[in-house]
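This report concerns only the one structure given below.
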Amino acid sequence: RRTPYVVSLGARGIFIEGSKGHWGKFPDPFAPEFAASLRRSLGNYDFAYEDPWCIGFFINNEMSWGNDGVSLAKATVASPATQPAKIAMQAWLKEKYRDLAALNQAWRSDYASWDDWLAKTDLPDKDASDADMNAFYTRIADQYFSTVHAIVKEIAPNKLDLGCRFSPCNDNAGRAAARHRTIRAHASAPSSPWSSRR
């Protein structure tokens, strides 16, 4: 009981149905069940909240982020219409393109309506849609890490949010983790190797 330790938790909820990975499907961070699952997991370790030997919390082990920065966005498109991440992606595309004709022109697609876009699970033209896939992948990663960070700091504010354990990782996921990380150098503190780590 006098050994520094970290706690590794699981946060699942529902999964992005179109996702694949060595360890299984990726949790949908846009689903309310994701946050609820994390809260339940943290509740099992309430003894650690004020334990001075507890350094902090890892959330999820060896996440299947993919080697590229588009896989989870493509998995979202390949998911059913009820998928929370897909509904969030549709809202983002509507805001970006305003009308369906603009999306069809950009993606070289022929969706009949926004409901048609939501219902279809086949992937659009890769070259035409890759920029949007890359951008929405970043939104998925930001939603994941911002949700985790907010809940950890709400429930255990004195502990570090250590993020997740990656397997594999890519630049989009790594940068999102860095944007919502806990380990930061104080503005007036001397230079430290931790200050620039991602």
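The values are calculated or read from the model by the stated rules, or taken from the named source; none is laboratory data. Treat the numbers as computed from the prediction; the structure is a model and nothing was measured. Positions of Cβ are generated from backbone atoms using ideal geometry, with glycine treated the same way; all protein chains shown enter the neighbour counts. Accessible surface is based on the protein model in full, side chains and every heavy atom, while ligands, DNA and RNA are left aside. Shrake-Rupley method; radii C 1.70, N 1.55, O 1.52, S 1.80 Å.
A search for C-beta distances below 6 Å between a residue of the stretch 147-168 that is within 22 Å of H22 (Cα to Cα) and in contact (Cβ under 8 Å) with a residue 12 or more places away in the chain and any residue that is open to solvent by 50 Å² or more (accessible area, probe 1.4 Å) and of a type outside the set (S, T, Y), counting only pairs 6+ apart in sequence or on different chains, returns R165/N61; R165/E62; S167/E62; P168/N67.
Listed here are the residues, each with its yes/no results for (1) buried (at least 18 other Cβ atoms within 10 Å of the Cβ); (2) at positive phi; (3) in contact with a helix residue (DSSP H, G or I) (Cβ under 7 Å, 6 or more places away or on another chain).
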site	(1), (2), (3)
A101	no, no, no
L123	no, no, yes
M133	yes, no, yes
A141	yes, no, yes
H149	yes, no, no
N158	no, no, no
A173	yes, no, yes
A177	yes, no, yes
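Taking the residues in the stretch 1-51 that are of a type in the set (F, W, Y) and in contact with a Ser or Thr (Cβ under 8 Å, 6 or more places away or on another chain) as candidates, determine which candidate is surrounded by the most Cβ atoms within 10 Å (Cβ to Cβ). Checked the stretch 1-51; the qualifying residue surrounded by the most Cβ atoms within 10 Å (Cβ to Cβ) is F26. Here Y137 meets the list (1) of a type outside the set (S, T, N, Q); (2) modelled with pLDDT of 95 or more; (3) surrounded by 11 or more Cβ atoms within 10 Å (Cβ to Cβ); (4) part of a loop (DSSP other than H, G, I, E, B) almost entirely, failing just condition (4). Just checking, does the stretch 71-94 include any residue being touching a helix residue (DSSP H, G or I) at 6+ places or on another chain (Cβ under 7 Å), on the phi > 0 side of the Ramachandran plot and of a type in the set (D, E, K, R)? The answer is no; no qualifying residue exists.
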